[in-house]
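The values are calculated or read from the model by the stated rules, or taken from the named source; none is laboratory data. In this text, all values refer to a predicted model and were calculated from it rather than measured experimentally. We place every Cβ from the backbone using ideal geometry, glycine too, and count neighbours over all the protein chains shown. Surface areas here come from the heavy atoms of the whole protein model, side chains and all, with no ligands, DNA or RNA. Shrake-Rupley method; radii C 1.70, N 1.55, O 1.52, S 1.80 Å.
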Amino acid sequence: MRRQLVPALVAIVLFTVLTLAYAVGTAAASSVLFKHKAEGSLVKDASGRVVGSSLIGQDFTKAKYFHPRPAADGYVPGAVGGGTYSYGSNYGPTNPALIGNQPGVNLDGPNPYATKADPYCVPVPSTDNDDNPITDAKGNPVYDKNKDGSYVCDANTVPERVLAYRAENHLGLDVPVPVDAVTASGSGLDPAITVANAKLQAPRVARARHLPLREVMRLVRQNTIGRALAILGEPAVNVLKLNLALDKV
């Protein structure tokens, strides 16, 4: 037994030391060679205060700012990156919670929750004080309603996001809406938006800040990230860095 136990103990000690040495060595090397990235790619404002990370998205809602890609679980105000956890919606392309309650797709016949302004309404289920779903006497779900009797529509469906995006950016019905403007990323906290998304938001930001559109577009170009290795992905615009650049103007 001794002949088997000693080599086993030696192996445990040896590989434990190697594992610790690898971890410590990697951390030390990265802190020297890639200090900014190793520390979380933190971004500071003009006063030197840390306001976020260039790798993690956070919410901007004011008209004078470029808005990020939607977060699947929402953003938590005041928290860098939007919270302690994040995830994608994992909805399939035909899920009614994603595409809306479209007639002929999710329902046999017209959408009973539709309004004149919103034919793709997905109603919000009513809940009690303990956040449990409310049902009627027959066990059917009860949905929230507005004061005028219309249903409260879920703002996190793609059709609802499209309506909101068009309204806030004053876009006509013939203007295509970029997919990243109305769908969440796999992580739910994507730090960048597409160049097309930024270009459509630029006029709104310029109006809100009383700046020439060309000046806003110049900052968009300055904060555009190229393709990885020049061939992977698409160019994108870092929202946090762009908004900080706007605040310096």
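Estimated from the Cβ-Cβ distance and a Förster radius of 25 angstrom, the FRET efficiency linking Arg214 and Glu234 is about 0.60. The distance between label points at Asp130 and Lys248 comes to 5.4 nm (points 7 Å beyond Cα on the Cα→Cβ vector).
Averaged per residue, the chain has 64 square angstrom of accessible surface, using a 1.4 angstrom probe with ligands and nucleic acids left out. Mean-square fluctuations from a GNM of the chain, with a 10 angstrom spring cutoff on Cα atoms, peak among Lys199, Lys64, Lys116 at Lys116.
Size check on the chain: the Cα extents along the three principal axes, sorted descending, read 80, 59, 37 Å. Under 11 Å from the Cβ of Thr194, count the other residues' Cβ atoms, weight Lys and Arg +1, Asp and Glu -1, and hand me the total. With Lys, Arg at +1 and Asp, Glu at -1, the neighbours total -1. Relative contact order for the chain: 20 percent, from Cα pairs under 8 Å spaced at least 6 residues apart, divided by residue count.
Once the Cβ-Cβ distance of Ser150 and Lys44 is raised to the sixth power relative to R0 = 30 Å, the FRET efficiency obtained is 0.05. Note on Ala167 and Ile225: the extension gain reaches 18.1 nm, defined as 0.36 nm multiplied by sequence separation minus the Cα-Cα distance. When the accessible area of the chain is split by element with a 1.4 Å probe, what percent falls to carbon and sulfur? Looking at the chain in its full context, I get 60 percent from C and S.
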